[in-house]
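> Below: one structure in structure tokens.
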Amino acid sequence: MVKLYGAITQLIFLETNFISVRERIEGLIPTPEMLKEISLFPGGSKIGLEYLSERDELEVRADLTKLSKEKHLKRAKIYPEASFRYWDFLTGFCIQNGHEVVFIEDKEICLKQNEVSIEGQAKNRKNKKFSEKTLELKAGLNSDEKVFMQVVRANDENYYANLLSRKINEIERADAMLRKIKSKELDAVVVASSYSDLWISNAEKIKEEHGICFDPYCAERTEEETRIRFVRDAQPEQCVSSRRESMERALRFMEEGRIIRNRKPDYVGSWELVDSPSEGYFEMFINEKNGENIKGNIEDCLGSATFTGRINDKEIGFAKRYSRNSSEDAVKGVIPYKGRKTKGGFHGFYMLPNGIGRPFYLTKSEKVNPLEISRQWFSSTKEINEQELFHELFDKIF
């Protein structure tokens, strides 16, 4: 059995003035209750910490500096340096109490994270020139299809660069730490609560894959944004599991071109046609059809949703609602969609709860490249009176 502790290592504050909003990050130290728990372990206990040894940390930092210079970037901030205060304090405390400290971070994974993150930042800088054109396209001020596709392709590249970085940080890094926990036969482990919550949520899977059993779980929790409390027999936060599921869906689509395996959708489309059609890609499954009436489910990177609506040779309309266990980024409540038939599919709008309308495109197929979906949508704008369609949807709702 391994005793698992979830840590809150830093707090983020937003400071505003008349001109701008500035983010301030404050590093924390362990709560007195966390330190009391650690002190109760007998001398010589092996305590694993989510940290690198001093030698490995210096190597990782030097590598990051080198890669930044090679790409002509300012020294990138990949690791939450404010949190170092927490781990330094806890390392010293464990040593003072006669414990054996084991650093469970994997140096090779950190070096890989450096490479992917710097490459992603270099892409973002290269594609920054398209930011202004993105705004022009959204405002309908640019009708050049070549420019449109350049912008959409650049935005999709940025999205995938960020996704790859998240994969290393949230999946590969976590798996490497679990392997170290098993191989070093640790008595206790302290990691960021984003990792520990996920591990407790998947305790049976971790036991099966890594042979690790966790004792009743304790964790630090944020209370009233600025106060940290220590919770014994803590329950994992739901948003952690849904965020992981969301990322795994996005990775599956990136690697296999499908959100859901072993099912063929009736339609595919995207609700994010400029910023990143891959992020908004969805698969629509019609489970029931009675005349023009349809009912089924929609799967995208945010989660699962149910829908009911109508479809015919001229238009489609449906109302979508995400399930409770979808990503925290999923819109809460009913989202109405309305589209008109074009040569390639259905071109339309959906309405967010705040009254903002956004475009979507839907085509009858089981698999289409997201960039092609955006291109078809852009091409079909010449066939559709978008203002008329938008007001038709808006008036129907309000």
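> Read through the list (1) within 18 Å of the chain's Cα centre (by Cα); (2) at positive phi, then give the number of the only condition that Glu224 fails.
For Glu224, the exception is condition (1).
> Going through segment 281-302 one residue at a time, which ones are of a type outside the set (A, V, I, L, M, F, W, C) and either more than 20 Å from Lys264 (Cβ to Cβ) or assigned by TED's automatic domain parsing to the domain that holds Val147 (or both)?
Filtering segment 281-302 down to residues of a type outside the set (A, V, I, L, M, F, W, C) leaves 281, 283, 287-293, 295-297, 299-300.
Correct list: Asn290, Gly291, Glu292, Asn293.
> Before we move on, is Lys341 farther than 26 Å from Ser242 by Cβ and either surrounded by 14 or more Cβ atoms within 10 Å (Cβ to Cβ) or in contact (Cβ under 8 Å) with a residue 12 or more places away in the chain (or both)?
Against the criterion (farther than 26 Å from Ser242 by Cβ and either surrounded by 14 or more Cβ atoms within 10 Å (Cβ to Cβ) or in contact (Cβ under 8 Å) with a residue 12 or more places away in the chain (or both)), Lys341 qualifies.
> Which count do you get for residues in segment 351-372 that are of a type in the set (A, V, I, L, M) and in contact with an Asp or Glu (Cβ under 8 Å, 6 or more places away or on another chain)?
1
> Given the condition of a type in the set (Lys, Arg), modelled with pLDDT under 95 and part of a helix (DSSP H, G or I), answer yes or no: does some residue in segment 354-361 qualify?
Within segment 354-361, none of the residues are of a type in the set (Lys, Arg), modelled with pLDDT under 95 and part of a helix (DSSP H, G or I).
> Let me ask something additional. Got a number for residues in segment 7-42 being over 22 Å from Thr222 (Cα atoms), at pLDDT 95 or above and not hydrophobic (A, V, I, L, M, F, W, C)?
Within segment 7-42, residues that are over 22 Å from Thr222 (Cα atoms), at pLDDT 95 or above and not hydrophobic (A, V, I, L, M, F, W, C) number 2.
> Only residues that are assigned to a helix (DSSP H, G or I) and surrounded by fewer than 17 Cβ atoms within 10 Å (Cβ to Cβ): list them for segment 36-60, please. Before the answer, list the steps.
Initially, segment 36-60 is screened for residues assigned to a helix (DSSP H, G or I), giving 36-39, 54-60.
Within segment 36-60, Lys36, Ser39, Glu54, Arg55, Leu58, Glu59 qualify.
> Given the options Ser68, Ser83, Ser53, Ser45, name the one that is of a type in the set (S, T, N, Q) and modelled with pLDDT of 95 or more.
Step by step, each of Ser68, Ser83, Ser53, Ser45 is checked, and only Ser45 is of a type in the set (S, T, N, Q) and modelled with pLDDT of 95 or more.
> Can you name every one of the strands (runs of 3 or more DSSP E) wholly within segment 150-267 that holds 1 or more residues which are touching a Gly at 6+ places or on another chain (Cβ under 7 Å) and in contact (Cβ under 8 Å) with a residue 40 or more places away in the chain?
Counting at least 1 such residues, we get 188-192, 218-223.
> Now, a different point. Residues of segment 275-316 being under 30 Å from Arg153 (Cβ atoms) and part of a loop (DSSP other than H, G, I, E, B), which ones?
Within segment 275-316, Asp275, Ser276, Pro277, Ser278, Glu279, Gly280, Cys301, Leu302 meet the criteria.
The values are calculated or read from the model by the stated rules, or taken from the named source; none is laboratory data. No experiment lies behind these values; they were computed from the predicted model shown. All Cβ positions, even for glycine, are placed from backbone atoms using ideal geometry, and neighbour counts span all protein chains on display.
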